[in-house]
Amino acid sequence: MKKSTLAPSDKIAVITPGGDAPGMNAAIRAVVRSALDEKMEIWGIQRGYDGLLEEDFVRLYARSVSGILHRGGTILKSSRSTKIREESSIKKAADILLSKDIKSLVVIGGDGSITAGYRISKYGVGVIGLPASIDNDIYGTDETIGYDTTLDTVVDAVDKIRDTASSFDRVFVIEVMGREHGYLALDAALACGAEFVVVPEIKFSISKLASEIKKEKARAKTSVIVIFAEGAGDSRKFAQELSLKSGYEVRVSTLGYIQRGGSPTGRTRILAARFAAKAIQLIKNKKTNRLVALQNGTIKDLPLSSICGRQKPIDQKLYQLIARLGR
Ligand code: F6P
């Protein structure tokens, strides 16, 4: 029988745990094709960390990733694994990978998924994190895979709601995702010309907002849009109180899961390709336990130890700019 020319270190795996983001498939495709180009053997882990712990592996070839570049979601599927939070599962995950001679793992995912990857790396698996999340909340990178697409989805939805808001002179509270952070809300508010934005990072007063709205209405502002980050609290209660205090009719629209799906924008696809190519180069050069990141337009790599557990700051100047432009 012909002996394989692959060294064990040339066997790698890719996983997409946690919340899906548009462009994950573009990233999987680019990871697979870049790895094959470097003569590596590549395995996909299905259903996120639950699939890893249940050894749900599939060998990937160039044709396994045909026709997926433009598709949202993840062909590898995902899960919100609770098991992986336990240290025994982290060790088990590393043991499973090493028992298959897989020494490197590419984690395409958000904050929690990359942190779990970092913990796995402590048991001898070389891990590369590719930031992919609609929340854009990963420390060290200016942008995550999927974020640009989600921002466009939100802008499109808010523009549509604005039509009704201005036809009825209504106040709308539009809830956007972002977990406990307001990055998406801030960018969306600026892009949509929202009059107000509420984010968890900045204290707000409903009474103050109500009096500001009254002032805006007095200045012949017809529609008023408040972008509300989900992490800032209960948007329905907020809207009820705002209505009571301002005396205006306030409607709520929660954008929900449309923000997670859809075909990735060109920018998201390009970011996915650049991140993936860098990941494979890092593995080839045996420089693992790194996060691939975008900083000022350049692809960088940072130690996972320096980014995990850290909180990306929001841009306070954006908040002020939204206030200035929305009046
Ligand atoms: O992290 C992505 C995200 O969509 C958040 O914005 C949101 O809070 C969360 O995931 C929803 O998670 P699930 O898919 O488990 O409902």
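The values are calculated or read from the model by the stated rules, or taken from the named source; none is laboratory data. Model, not experiment: these values are computed from the prediction. Neighbour counts run over all protein chains shown; Cβ positions are idealised from the backbone, glycine included.
The figures follow:
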quantity	calculated
Residue list for region 181-213, restricted to those being charged (D, E, K, R), surrounded by 14 or more Cβ atoms within 10 Å (Cβ to Cβ) and within 26 Å of S167 (Cα to Cα)	D187, E195, E212
Residues of region 159-178 satisfying the condition of being farther than 23 Å from D234 by Cβ and among the polar types (S, T, N, Q)	S166, S167
Qualifying residues in region 251-272 (those that are more than 13 Å from the ligand (Cβ to nearest atom) and surrounded by 21 or more Cβ atoms within 10 Å (Cβ to Cβ)) - the one farthest from L294 (Cα to Cα)	P264
Hits in region 44-68 - residues which are on the phi < 0 side of the Ramachandran plot and either crowded, with 18+ Cβ neighbours inside 10 Å or at pLDDT below 95 (or both)	G44, I45, Q46, Y49, D50, G51, L52, L53, F57, L60, V65
In region 67-79, residue farthest from K39 (Cα to Cα) [restricted to those that are of a type in the set (G, A, S) and either in contact (Cβ under 8 Å) with a residue 12 or more places away in the chain or in contact with a Phe, Trp or Tyr (Cβ under 7 Å, 6 or more places away or on another chain) (or both)]	S79
Given (1) out of contact with any Asp or Glu (no Cβ under 9 Å at 6 or more places or on another chain); (2) not in a helix (DSSP H, G or I), index of the condition K245 fails	(2)
Residue in region 2-25 that is surrounded by 13 or more Cβ atoms within 10 Å (Cβ to Cβ), within 16 Å of the ligand (Cβ to nearest atom) and in a helix (DSSP H, G or I) present	yes
Filtered residue count, region 291-314, keeping only those that are under 30 Å from I225 (Cα atoms) and surrounded by fewer than 14 Cβ atoms within 10 Å (Cβ to Cβ)	2
Flag for L282 being part of a helix (DSSP H, G or I) and either within 16 Å of S133 (Cβ to Cβ) or without any contact (Cβ under 8 Å) to a residue 60 or more places away in the chain (or both)	no
Residue match in region 81-93 (condition: touching a residue at least 24 places away in the same chain (Cβ under 8 Å), part of a loop (DSSP other than H, G, I, E, B) and either surrounded by fewer than 23 Cβ atoms within 10 Å (Cβ to Cβ) or at negative phi (or both))	yes
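Quick grid of which residues meet (1) modelled with pLDDT of 95 or more; (2) on the phi < 0 side of the Ramachandran plot; (3) under 22 Å from the mean Cα position of the chain (by Cα):
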{"position": "I258", "(1), (2), (3)": "yes, yes, yes"}
{"position": "I280", "(1), (2), (3)": "yes, yes, yes"}
{"position": "N285", "(1), (2), (3)": "yes, yes, no"}
{"position": "N296", "(1), (2), (3)": "yes, no, yes"}
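This table checks each residue for (1) at pLDDT 95 or above; (2) closer than 20 Å to L321 by Cα.
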| site | (1), (2) |
| --- | --- |
| I128 | yes, no |
| D137 | yes, no |
| D152 | yes, yes |
| S167 | no, no |
| R179 | yes, no |
| E212 | no, yes |
